[in-house]
Amino acid sequence: MDFNSTVLVTGGSGFIGSHLVCSLVTRHPDWRIINLDILDYCCSPRSLESVEDRANYTFIRGDVCNSQLVNHIFNTENIDVIFHLAAKTHVETSFEAPASFQRVNIEGTKVLLAAAHQAPHQSQRFVYVSTDEVYGEGLDQVFDESSPVRPSNPYSTTKAAAEYLVRSYWDKYKFPIIITRSNNIYGPRQYTEKVIPKFLTLLQMNKKCTIQGTLPKSRHFLFVDDAINALRLVLEKGIVGEIYNVGTSCEILIMQLAKELVKMVKNVPDSEVNDWLEFVPDRPCVDLRYPISCEKLQQLGWRADVSWTEGIRQTVKWYQDNADFWSDQEPIRSKLEKVTNK
Ligand SMILES: NC(=O)c1ccc[n+]([C@@H]2O[C@H](COP(=O)([O-])OP(=O)(O)OC[C@H]3O[C@@H](n4cnc5c(N)ncnc54)[C@H](O)[C@@H]3O)[C@@H](O)[C@H]2O)c1
């Protein structure tokens, strides 16, 4: 079968990647979607089972840092669009193992850019999926895309470094890149090390939600469907060479989040909510909040459609209905058994 377009998604088996792949495969039967993913510990084969037999879906298991493999893909497939999501993503782990974050997040981006740029078939878009964390902490300041980049942890530092590589291909070659920087994304199928699924999994195990430190840390939470719509819109209407913040005004204190989830999962009266919270030591370095302005993306026509109430309801229900989804991931289960907050 002939396809109108070929899209390479790196990290397409991860949380956001799998939602993006499912969306592209089902909405665009005339596009061929290739997923390049190493299948790290945070992936489940079940995330893509709804599309794995589709004629327009191809999976390649491999390392984005493997230049031989990546060059081969670009030399043999006519890749029109790249969504680059493959990355090491867990902030706490980045303090313990920064080298692996540098390798995948920076070196992997370098390999992919070089292969895409030298490919015989010129790609039309290279969308790099970055994070609000590159701005660093914003206590009384809202970041727009021109704000300075001041990453403060090993994860965000590697994402910022990769951004600079991506931007250099625009500056030097006018290679058609676009960068997105998004808030915390949540929803079904997210691996249990991130805060919402971690709290839900702990509560399902009859354990307390672990609150890191005593500082008033908050995050802005964006439902995954809205994030995918933003990526699709940026591909369709985004201007090459530009950066787009992707976010929401839904800011929630982590303490408040834990309390809300306790009430939803445990169904306890207010007087008993605190019994399900436990304070643990904080990470070595913590940003209290990342407020961003999304006017630029909104001017393209994007709005977050899913309210927090609806998004968290769907998410809690999914984790309740799929309690066994991550049960084969013993490392995280045993980590949670020890009730650390790492
Ligand atoms: N989740 C969020 O809240 C959020 C917010 C902003 C930006 N992002 C960015 O979005 C992207 C996806 O995040 P996610 O939450 O889905 O993360 P995730 O950890 O669920 O997925 C990452 C994916 O990358 C793959 N991967 C890791 N190393 C690889 C390698 N060497 N070669 C090929 N594949 C490799 C993993 O197997 C996994 O499928 C990341 O680049 C992340 O920085 C995430």
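The values are calculated or read from the model by the stated rules, or taken from the named source; none is laboratory data. These figures come from a predicted structure and were not determined experimentally. Note: ideal-geometry Cβ built from the backbone for every residue, glycine included; neighbour counts use all protein chains shown.
Return the residue satisfying two criteria in turn: it lies in the range 60-69 and is within 12 Å of the ligand (Cβ to nearest atom) and free of Cβ contacts under 8 Å to residues at least 40 places away in the same chain, and of such residues it is farthest from the chain's Cα centre (by Cα). Residue satisfying both the conditions and the ranking: Leu69. Per the listing Val21, Val25, Val51, the residue uniquely part of a loop (DSSP other than H, G, I, E, B), touching a Ser or Thr at 6+ places or on another chain (Cβ under 9 Å) and among the β-branched types (Val, Ile, Thr) is Val51.
Taken over the range 28-48, the residue count meeting the criterion of being among the hydrophobic types (A, V, I, L, M, F, W, C) and in a strand (DSSP E or B) is 4. Residues considered: Leu24, Leu39, Leu48. Of these, the only one that is within 15 Å of the ligand (Cβ to nearest atom), at positive phi and touching a residue at least 24 places away in the same chain (Cβ under 8 Å) is Leu39.
Within the range 86-111, the residues that satisfy the criterion of being in a helix (DSSP H, G or I), small (Gly, Ala, Ser) and within 10 Å of the ligand (Cβ to nearest atom) are Ser100, Gly108. Can you confirm whether Leu231 is in contact with a strand residue (DSSP E or B) (Cβ under 7 Å, 6 or more places away or on another chain) and without any contact (Cβ under 8 Å) to a residue 40 or more places away in the chain? Against the criterion (in contact with a strand residue (DSSP E or B) (Cβ under 7 Å, 6 or more places away or on another chain) and without any contact (Cβ under 8 Å) to a residue 40 or more places away in the chain), Leu231 does not qualify.
Yes/no matrix, rows are residues, columns are (1) closer than 19 Å to Ser123 by Cα; (2) more than 10 Å from the ligand (Cβ to nearest atom); (3) aromatic (Phe, Trp, Tyr); (4) free of Cβ contacts under 8 Å to residues at least 24 places away in the same chain:
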position: Ile16; (1), (2), (3), (4): no, no, no, no
position: His19; (1), (2), (3), (4): no, no, no, no
position: Trp31; (1), (2), (3), (4): yes, yes, yes, no
position: Cys43; (1), (2), (3), (4): no, no, no, no
position: Asn71; (1), (2), (3), (4): yes, yes, no, no
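Restricting attention to the range 260-271, does a residue exist that is under 20 Å from the mean Cα position of the chain (by Cα) and either within 19 Å of Ala323 (Cβ to Cβ) or not assigned by TED's automatic domain parsing to the domain that holds Val316 (or both)? So far as the range 260-271 goes, no, none of its residues is under 20 Å from the mean Cα position of the chain (by Cα) and either within 19 Å of Ala323 (Cβ to Cβ) or not assigned by TED's automatic domain parsing to the domain that holds Val316 (or both). Scanning the range 180-222 for residues that are among the aliphatic types (A, V, I, L, M), farther than 18 Å from Ser249 by Cα and either within 16 Å of the chain's Cα centre (by Cα) or not assigned by TED's automatic domain parsing to the domain that holds Glu278 (or both) yields a single hit, Val195.
The conditions of being of a type outside the set (Asp, Glu), more than 14 Å from the ligand (Cβ to nearest atom), out of contact with any strand residue (DSSP E or B) (no Cβ under 7 Å at 6 or more places or on another chain) and at negative phi are met by Ser168. Restricted to the range 1-14, and to residues there that are outside any loop (DSSP other than H, G, I, E, B) and within 17 Å of Val64 (Cα to Cα), the residue that is farthest from the ligand (Cβ to nearest atom) is Val7.
Here Leu200 meets the list (1) buried (at least 20 other Cβ atoms within 10 Å of the Cβ); (2) without any contact (Cβ under 8 Å) to a residue 60 or more places away in the chain almost entirely, failing just condition (2). Of all the listed residues (Phe74, Phe83), the sole one being on the phi < 0 side of the Ramachandran plot and part of a helix (DSSP H, G or I) is Phe74. Can you pull out the residues in the range 125-152 that are surrounded by fewer than 21 Cβ atoms within 10 Å (Cβ to Cβ), in contact (Cβ under 8 Å) with a residue 24 or more places away in the chain and of a type in the set (S, T, N, Q)? Listed by number, the residues that qualify are Gln141, Ser152. Within the range 94-137, the set of residues being under 18 Å from the mean Cα position of the chain (by Cα) and small (Gly, Ala, Ser) comprises Ser94, Ser100, Gly108, Ser130, Gly136.
Among the criteria (1) surrounded by 20 or more Cβ atoms within 10 Å (Cβ to Cβ); (2) within 16 Å of the ligand (Cβ to nearest atom), the one Cys209 does not fulfil is (2).
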